[in-house]
Amino acid sequence: MDEFYQDFVIEHGRHPHNFREVEDATHEAEGDSPLCGDHMRLQVVLDGGVVKDAAFTGEGCAVCMASASVMTDMLKGMTEEQALETASRFRKCMVEGLEVEELQLQAFLPFRAYPMRVKCATLPWVTVQKAFGAK
Amino acid sequence: MPGLPIADHFPALRTQVHGKRLVYLDNAATTQKPLGVIEATDTYYRTQNANVHRGAHTLSHIATEVYEQARKKLARWIGAGETEVVFTRGTTESVNLLAYALGSSLKPGDRVLATQMEHHAVLVPWYEAARRAGASFEPVPVTDDGEVNLDALASMLDERVKLVAMTHISNVLGTVNPVRQAAEMAHAVGALVMVDGAQSLGHARVSVVDLGADFVVFSAHKAYGPTGIGALYGRADLLDALPPFMTGGGMIRTVAFDKVTYRDGPERFEAGTPNIAGAAGWSAALEFLAGLDLAAAALAEERLGDHLRSGLARVPGVRVLGHPKQRVGIVSFVAEWAHAHDVGTMLDLDGVAVRTGHHCCMPLMKRYGVAATTRASLAVYNTDSDVETCLESVRKAQARFDR
């Protein structure tokens, strides 16, 4: 059981980082999972090609909230390209069963056993792709 | 197999989940199937398979018998006449059939009422029927306890109301609704009543006469039968007056390019080759039900359900939705420390199968101010040990998440 809901995921899910609104967002997008009711609004401040701030609001399960919390932490300091590369690599890992190097992303891999829960983990990353206008 | 413990009739209950004993508490979604049903379906395909009503050969005659015997058996079980039972693919198709056929007589200014606790399978077809006709579609409110507010229904009823849709048993709250009383009220203003019986057959002995409804819709698979078959009960005089819904083979009397005439009775609504194996399986499911002491089973289920209800309510941060006076073993709850999907995954890891989400009842979710609930629903094979395992798993989730 512990590998599914590691303390790391539960902590981030219960007390997500960057759960707030941003005044000077340069990019933003809404993400929805109509089937489970997860909903988030992601805001990013891009300055000189680098993410200066990233934050989100919304509601969802622990997996989705934790993933958004971890993601917004990770985004800060990344270039747009790095963010998009990480997003597409993580989504691929969740669907195709590949490994990821980042420890904080590894915490979500067990949920691949539940196809219904994969999108809980990937919704924030899909939303950042949307915010940056990528597919 | 008399004398066999009930759970032993259900081979799927022996499946292990994550190395744990399966505790199947998603019966409101679909029940497991007893051996008799599995064998009847198997026997049909192995030894009896042919198309119905059409062939001159022996197997076709046998297949027709299998299919029509199922209709007779269901009709007897629910207290209807044979010509009052239309086979469909399930509750959803039954409602669509009715909403289309009966809905075609709706006029602008007419009103269709449905309770706030109806399933999307009832709400959406009637919403569409009302919209097509320019009629209004209005919710009958539900109380905090999870009961239909009959006073509100009384004040809503007038001669413009053409149909009232009410579920017999709520798939979310477990409420058993006072259908007969509501039907009498609706009939007094000339409205027809459609009852959603999707949850009924598995939990209670159903008599369409006692329900007092004009139409009742059923699925086999929520009461130990196979998926892909259900029924629409309609009072004979009302069914005869309805135009066809699906058209095609089997439901016609004569076909020419300039004129088609249709058959009477249930056949008019059964276009195409029906689910004959499903009918064979449904017969066997009804035999399984007939072999149970249903009154005792219902009492036992209510007791187990109440144990589940009170056990859940004692877990810190858990709120059970509704507390209807008349109820069956279907219990929905929310936890302030975790989303329903997290609760569902935590329970699954312990082998406990429950449903999470809006249960196809978005208006009811809104009524209670929640986006999703976790639902545990009981069947005849569930035991004290199943309920205890579920409660233990919820307590474990609370200990893990609530910090």
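The values are calculated or read from the model by the stated rules, or taken from the named source; none is laboratory data. As the structure is a prediction and not an experimental result, all values here were calculated from the model. For neighbour counting, all protein chains shown are included, and Cβ atoms are generated from backbone atoms with ideal geometry for every residue, glycine included. Surface accessibility is based on the protein's heavy atoms, side chains included, excluding ligands, DNA and RNA. Shrake-Rupley method; radii C 1.70, N 1.55, O 1.52, S 1.80 Å.
Taken over segment B:18-60, residues that are farther than 23 Å from B:LEU201 by Cα and open to solvent by less than 30 Å² (accessible area, probe 1.4 Å) amount to 5. In segment B:258-265, is there at least one residue being of a type in the set (D, E, K, R) and in contact with a strand residue (DSSP E or B) (Cβ under 9 Å, 6 or more places away or on another chain)? The answer is yes; a qualifying residue exists.
Is it the case that B:VAL343 is within 14 Å of another protein chain (Cβ to nearest Cβ), within 17 Å of A:CYS36 (Cβ to Cβ) and outside any helix (DSSP H, G or I)? Give the steps one after another, and end with the answer.
On the way: within 14 Å of another protein chain (Cβ to nearest Cβ): yes; within 17 Å of A:CYS36 (Cβ to Cβ): yes; outside any helix (DSSP H, G or I): no.
No, not satisfied.
Is segment B:366-374 home to any residue that is within 14 Å of chain A (Cβ to nearest Cβ), part of a helix (DSSP H, G or I), surrounded by fewer than 22 Cβ atoms within 10 Å (Cβ to Cβ) and free of Cβ contacts under 8 Å to residues at least 60 places away in the same chain? Yes. Taken over segment A:31-47, residues that are more than 21 Å from A:PRO110 (Cα to Cα) and open to solvent by less than 80 Å² (accessible area, probe 1.4 Å) amount to 10.
So that you can scan it fast, the table gives a plain yes or no per residue for (1) open to solvent by less than 10 Å² (accessible area, probe 1.4 Å); (2) farther than 14 Å from A:CYS64 by Cα; (3) touching a Gly at 6+ places or on another chain (Cβ under 8 Å):
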position	(1), (2), (3)
A:VAL95	no, yes, no
A:ALA121	yes, no, no
A:VAL126	no, no, yes
A:ALA134	no, yes, no
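In this structure, does B:GLY305 turn out to be closer than 20 Å to B:ASN171 by Cβ and in a loop (DSSP other than H, G, I, E, B)? Before the answer, list the steps.
Details: closer than 20 Å to B:ASN171 by Cβ: yes; in a loop (DSSP other than H, G, I, E, B): no.
So B:GLY305 does not fit the description; no.
You will find that of A:HIS12, A:HIS17, the residue that is at pLDDT 95 or above, open to solvent by less than 30 Å² (accessible area, probe 1.4 Å) and either outside any strand (DSSP E or B) or within 14 Å of chain B (Cβ to nearest Cβ) (or both) is A:HIS12 and no other.
So, B:ASN51, is that one of a type outside the set (Lys, Arg) and modelled with pLDDT under 95 or not? Spell out how you get there, then give the answer.
Working: of a type outside the set (Lys, Arg): yes; modelled with pLDDT under 95: yes.
Against the criterion (of a type outside the set (Lys, Arg) and modelled with pLDDT under 95), B:ASN51 qualifies.
Could you check segment B:5-120 for helices (runs of 4 or more DSSP H) lying wholly inside it with 1 or more residues that are farther than 23 Å from B:GLY225 by Cα? Let's see the steps before the verdict.
Values: elements: B:35-43, B:58-78, B:91-101.
Answer list for segment B:5-120: B:58-78, B:91-101.
All conditions in (1) of a type outside the set (Phe, Trp, Tyr); (2) crowded, with 17+ Cβ neighbours inside 10 Å; (3) in contact with a Ser or Thr (Cβ under 8 Å, 6 or more places away or on another chain) hold for A:ALA107, with the sole exception of (3).
For segment B:348-363, the set of residues classified as away from chain A (no Cβ under 11 Å), over 17 Å from the mean Cα position of the chain (by Cα) and open to solvent by less than 10 Å² (accessible area, probe 1.4 Å) consists of B:GLY351, B:VAL352, listed by residue number.
Summed over segment B:319-340, residues that are away from every other protein chain (no Cβ under 14 Å) and either more than 23 Å from A:CYS64 (Cα to Cα) or charged (D, E, K, R) (or both) total 13.
B:THR389 meets all of the listed conditions (1) within 14 Å of chain A (Cβ to nearest Cβ); (2) part of a helix (DSSP H, G or I) but one, namely (1). Given the condition of a type outside the set (Gly, Ala, Ser) and closer than 30 Å to B:ALA99 by Cα, answer yes or no: does some residue in segment B:331-342 qualify? Yes, the conditions are met somewhere in segment B:331-342. Scanning segment A:39-64 for residues that are within 14 Å of another protein chain (Cβ to nearest Cβ) and farther than 17 Å from A:GLN129 by Cα yields A:GLY58, A:GLU59, A:GLY60, A:CYS61, A:ALA62, A:VAL63.
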